[in-house]
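Read the figures in this text as sums done on the coordinates, not as results from a lab. All values derive from a computational prediction rather than experimental measurement. All Cβ positions, even for glycine, are placed from backbone atoms using ideal geometry, and neighbour counts span all protein chains on display.
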Amino acid sequence: MSLINLKVNGRSHTVDVDPTAPLLYVLRNDLLLNGPRFGCGLGQCGACTVIVEGEWIRSCITPTSSVENFAITTIDGLVTEGKLHPILQAFVDHQAAQCGYCINGMVMTAKAFIDQNPRASETQIKEALEGNICRCGTHMRIVAAARQYALEVGA
Amino acid sequence: MKNIVDSNQIPVTQEHDDALPEIVRQAAEIGFTRRDFLKGTGALVVSFSLVGTEQLLEDSGTAVAQSPSATKVDSFVVIAADGSVTGYTGKVDLGTGTSYGLKMMLSEELDVAHERIAWVQGDSALTPNQGATVGSQSIRNAGPVIRRAGAAARKFLVDLASKKLNLPADQLDVNDGVVFAKSDPTIKVTYGELVGGQKFGIDVPAANNIVIKTPDQFKIIGKAIKRTDIAQRILGESFAHNIRRPGMVHGRTIKPPTANAKVVSVDESSVSGVPGLIKVVVRGDFVGVVCEREENAIRAAELLKITWSDPVPAFPEQADLYNYMKTLSDARQPVPAPTTVGDVNAGFAASAKTYSSTYLWPWQMHAAFSPMAAVADVTADGKCTAWSGGQNPHGEVAHIVRILGLKEADVRVIWVDGPGVYGRAGSTDDATLEAAILSQAVGRPVRLQWLRRDEHGFEPKGPPHVITVKAGVDATGNVLAWDYEDRHFPLVPVREPHAAALIAPTPESVGSTDGSGGNGHPYYNFPNKKITPILLPWVNKWVTGLRSNHNRAPGDPARHMATECFMDELAAAANVDPLQFRLRQTTDQRTIDVLNAAAERYGWQARPSPAPGNSRTGVVSGRGIAFGIRQTYVAAVAEVEVDQSTGVILVKRVIIGHDCGLMINPDSVVQQIEGQVIQTVGRALMEEVMFDQYKVTSIDWISYPLIKFTQYPTVEAVLINRPTVAPGGVGEPALNPVPAAIGNAVFDATGARLRQVPFTPERVLEALKNR
Ligand code: FES
Ligand code: FES
């Protein structure tokens with residue numbers, strides 16, 4: 001165990017964990033965040049995605065110590081005083097969730113990609129989401145929501 | 001009566017903002033018991049709007065009582081003194097929007113705005129047991145009961161108002177919980193004033209004993225209502241996975257490495273170095289570990305040294321599976337007679353030509369995006385509260401009672417949002433019992449989630465089919481004789497959680513076939529037909545990775561694949577347009593309407609397949625059509641591109657014609673259609689469980705891939721509303737015609753027939769070689 005400083009959603013936290021512990025469990029169980037979730041633990045599905053310094057990462061295979069002091073954003077940080085961040089609002093507008101379990105990964109992957117590639121095309125968005133899985137078949141609405149956000153960011 | 005709605009033009013007449021995520025309506029009920037409600041006032045007083053989930057969790061008393069009776073109006077509707085209304089149902093919303101449909105049905109009959117109705121679902125202590133949420137039955141079967149309960153409550157209230165206002169009941173009307181005189185709306189009394197805090201004390205009337213609204217009286221049914229749970233699901237606040245209890249620790253379980261392996265010994269010293277290890281739990285062949293921290297529980301599960309009995313082959317070789325299935329005979333005694341119409345032998349004798357094809361469907365998994373997860377809290381005094389995201393909270397109670405040795409009245413299972421499961425958790429979600437076993441063993445609340453390899457490896461799976469169809473046709477190609485044989489393992493056998501089968505299995509049954517929709521019955525007017533479902537024995541496999549179980553629309557996608565691909569073969573043999581070939585052999589109006597609706601929307605040109613002029617090399621396009629039925633009538637047109645050099649199929653577009661009778665919420669219907677089609681394109685193109693003789697080898701998303709973002713088609717739905725026909729389900733039927741429509745489109749594009757799902761590039765290349 002060792003003390004690690006994490007900057008999550010604009011706040012600093014010190015956690016006392018095994019430095020190799022995957023970030024996912026620290027976010028969920030030490031910082032009590034609900035957004036990132038376990039889908040595979042193998043980096044294959046996207047359920048655990050968070051954004052570190054603007055890049056999306058799979059927190060299930062990221063050792064906690066490797067992101068010490070970096071700016072980490074989880075989906076929980078995309079709600080401010082009850083107001084949804086535009087990308088979340090886009091997902092709500094398009095009713096882009098069935099069970100919703102995969103959508104954390106969709107939102108965070110798409111946000112990181114679009115913030116770096118404003119006005120991303122539909123094809124580019126689909127390619128960016130290629131490593132994310134949705135079992136409910138919500139793909140059309142997910143892409144439509146991401147596209148709405150891309151148009152807003154690029155406007 | 002019917003009217004057609006285009007999915008692109010659904011008028012959204014009711015819309016409201018997504019509720020703030022922290023006001024979590026379903027999870028908010030956690031912690032209330034009916035007994036709590038009843039305390040003091042003799043009434044059920046519900047007040048949740050301002051109380052957060054965490055607070056409710058803190059306040060929660062542990063387990064309670066038996067489920068409320070499913071025959072009492074009070075079990076479904078409660079009106080508090082302040083007039084607030086709560087609806088209760090044992091059915092749970094698996095992300096399909098059914099709770100909106102059911103609430104709309106209550107709202108309609110009760111005449112209370114649906115936005116004002118709080119909704120409590122799937123709590124074994126609070127809600128009536130209406131059976132597992134399976135088979136697209138919520139709206140179809142539970143819905144009518146809720147409507148009758150609502151109508152009975154309304155009648156009861158209007159009768160009370162009649163006495164109070166001194167006016168005959170037929171001179172009164174109701175608007176959003178206010179009873180008023182038709183002649184003078186200022187003469188009025190509210191539901192809250194009439195009954196608030198009191199019980200109705202009446203039974204849910206039989207269907208012939210209560211008048212429910214007719215379609216022309218509907219205020220809310222049939223309107224497109226948007227879901228308000230999207231944000232909370234995205235943010236994850238309402239998931240069972242995120243239930244946190246004071247003192248909660250983390251469990252993982254370890255599955256047998258080979259089928260039917262027995263625990264010989266467990267070397268606990270192998271994990272003694274894992275920090276925060278609380279306990280290694282061994283009961284029969286069930287092994288689990290509990291640790292203070294989740295990542296350490298995972299590590300302990302990896303490290304624990306278990307000696308298992310020697311591997312014994314349990315399954316046929318995968319390459320041999322279909323041959324093996326052909327050698328088996330029906331497991332039932334006596335074997336039921338086939339379903340027949342006319343005289344199939346005479347039909348064949350009179351036929352000008354006969355044809356036959358065999359279609360193969362593999363083991364497929366539900367592949368829930370999250371492995372099953374649950375939290376259980378078993379206290380020293382033998383009370384258990386568990387939070388489950390499965391499909392059958394009431395059903396979990398009995399397993400916990402049996403395996404933990406608790407009293408039924410002491411066990412409460414509370415359903416909380418979970419991932420989509422598509423039938424996986426219809427009999428059992430597995431995790432709830434396992435969390436309870438571990439919690440009992442350590443005396444603390446335990447959160448448990450299966451590992452991905454265990455979810456892939458040990459979820460109960462949809463069994464394979466070998467379907468052989470023979471047809472005799474007349475000189476025009478019309479079918480005179482249809483002989484259909486469907487060989488498959490049990491579709492509905494897994495009735496107990498994995499841990500229960502590892503610890504104390506109940507006697508095995510041969511399982512059952514499934515009496516649902518398709519069953520291979522052609523809905524076409526063939527004068528002579530014989531339908532033979534053969535239930536193959538698949539015994540002694542209930543603890544293995546090939547536990548045979550219902551998968552979304554059990555058996556139906558395979559049966560429709562065979563029927564509808566074969567119809568396409570017959571149409572091509574007769575050189576007739578495949579749509580016309582179907583239309584000329586049915587007189588059923590609903591069948592005709594959905595076929596035409598999909599074809600028209602697509603812009604179907606009548607011509608036989610294959611498409612004239614397509615090259616035999618490079619990328620070619622084609623279109624295919626198919627029909628399906630599972631109470632709800634569905635037609636699909638698929639448009640595909642086939643790369644003849646690689647064998648890769650790209651499904652570009654799927655149009656669904658859809659008639660589910662009375663449509664409750666068109667928005668939900670469209671969402672369900674989109675999801676089913678995209679999921680099923682993946683099932684048709686790439687999903688096949690791989691295994692060897694000892695175990696399942698599809699254990700992650702690489703070895704069992706799902707459809708990707710660069711592979712999904714555009715889905716369009718044409719909805720036919722038939723307000724006078726009872727609603728059919730919408731969570732399964734739309735997937736049925738999809739594999740056949742794709743296979744038929746590939747034939748249209750290339751002239752090659754696909755008869756084995758999934759339609760992998762290798763199989764496509766093989767079929768191209770053989771064309
Ligand atoms: S849980 Fe991290 S990628 Fe699947
Ligand atoms: S919405 Fe259920 S997995 Fe994507």
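Considering all alpha-carbon pairs of region B:239-551, what whole percent are spaced by more than 34 angstrom? Cα-Cα pairs in region B:239-551 separated by more than 34 Å: 34 percent.
In order along region B:732-737, the Karplus-derived 3J(HN,Hα) couplings, from 6.51 cos²θ - 1.76 cosθ + 1.60 at θ = phi - 60°, round to 9, x, 5, 7, 4, x Hz, and Gly and Pro are given as x. By other beta-carbon atoms within 10 Å, ranking B:Leu491, B:Leu194 with the fewest at the front produces B:Leu194, B:Leu491. Please state the shape class of region A:79-154: rounded when a/c is under 1.5, otherwise prolate if a/b exceeds b/c and oblate if not, all from the C-alpha gyration tensor. Taking the square roots of the gyration eigenvalues as a ≥ b ≥ c, region A:79-154 is oblate. For B:Gln644, the amide hydrogen comes within under 5 Å of the amide hydrogens of B:Gly618, B:Val619, B:Val620, counting only partners 5 or more places away or on other chains and with H modelled in the peptide plane. Take every Cα pair under 8 Å in chain B that's 6+ residues apart, average their separations, divide by the length, and report that relative contact order as a whole percent. Dividing the mean separation by the residue count of chain B yields 15 percent. Summary value for region B:102-238: 27 percent relative contact order, contacts being C-alpha pairs under 8 angstrom separated by 6+ residues. What percent of all Cα-Cα pairs in region A:2-78 falls in each 10 Å bin, counting up from 0? Pairs per bin, as whole percents: 22, 62, 17. Each part gets one Cα centre, and for region B:292-345 versus region B:617-684 those centres are 30 Å apart.
A Cβ-based charge dipole, computed about the Cα centre of chain B with Lys and Arg at +1 and Asp and Glu at -1, lands at about 920 debye.
Across the options B:Tyr322, B:Ala572, B:Thr506, the greatest Cα extent toward the positive end of the charge dipole of the protein assembly as shown (unit charges at beta carbon of Lys, Arg, Asp, Glu) belongs to B:Ala572. Packing order of peptides B:542-549, B:612-619, highest average first: B:542-549, B:612-619 (average count of other Cβ atoms within 10 Å over each peptide's residues).
What's log10 of I(q)/I(0) for region B:655-714 at q = 0.15, 0.22, 0.25 Å⁻¹, Debye sum over Cα points only, no solvent? The computed values of log10 I(q)/I(0) come out as -0.61, -0.89, -1.02. Kindly identify region B:405-466 as rounded, prolate or oblate by the Cα gyration tensor criterion: order the square roots of the eigenvalues as a ≥ b ≥ c, call it rounded if a/c is under 1.5, otherwise compare a/b with b/c, prolate if a/b is larger, else oblate. It is prolate, given that a/c is not under 1.5 and a/b is the larger ratio. Sorted largest first, the principal axis extents computed over the alpha-carbon atoms of the protein assembly as shown equal 81, 79, 67 Å. Between B:Thr476 and B:Thr71, the modelled label-to-label distance comes to 5.5 nm, taking each label 7 Å out from Cα in the direction of the beta carbon.
Projected label points at B:Thr340 and B:Thr327, each 7 Å from Cα along the beta carbon direction, are separated by 3.0 nanometres.
Please go through the residue pairs B:Lys103/B:Lys213; B:Lys305/B:Lys695; B:Lys223/B:Lys461 and name each one whose alpha carbons sit more than 26 Å apart in this structure. Beyond 26 Å: B:Lys223/B:Lys461.
Along its principal axes, chain B has C-alpha extents of 81, 79, 50 angstrom, given from the largest down. Figure legend: label point modelled 7 angstrom from the Cα of B:Gln693 along Cα→Cβ; residues of region B:309-328 with amide N under 14 Å from it are B:311-321.
If r is the Cβ-Cβ distance from B:Asp216 to B:Ala169 and R0 is 22 Å, what FRET efficiency results, to the nearest 0.05? Taking R0 as 22 Å, the efficiency between B:Asp216 and B:Ala169 is 0.60. Once you order the gyration tensor axes a ≥ b ≥ c over the Cα atoms, which shape class does region B:119-160 get: rounded for a/c under 1.5, otherwise prolate or oblate by comparing a/b with b/c? Because a/c hits 1.5 or more and a/b fails to exceed b/c, region B:119-160 counts as oblate. Dipole of the protein assembly as shown computed with +1 at Lys/Arg Cβ and -1 at Asp/Glu Cβ about the Cα centre; of B:Val264, B:Val492, A:Asn29, farthest Cα towards the positive end is B:Val492.
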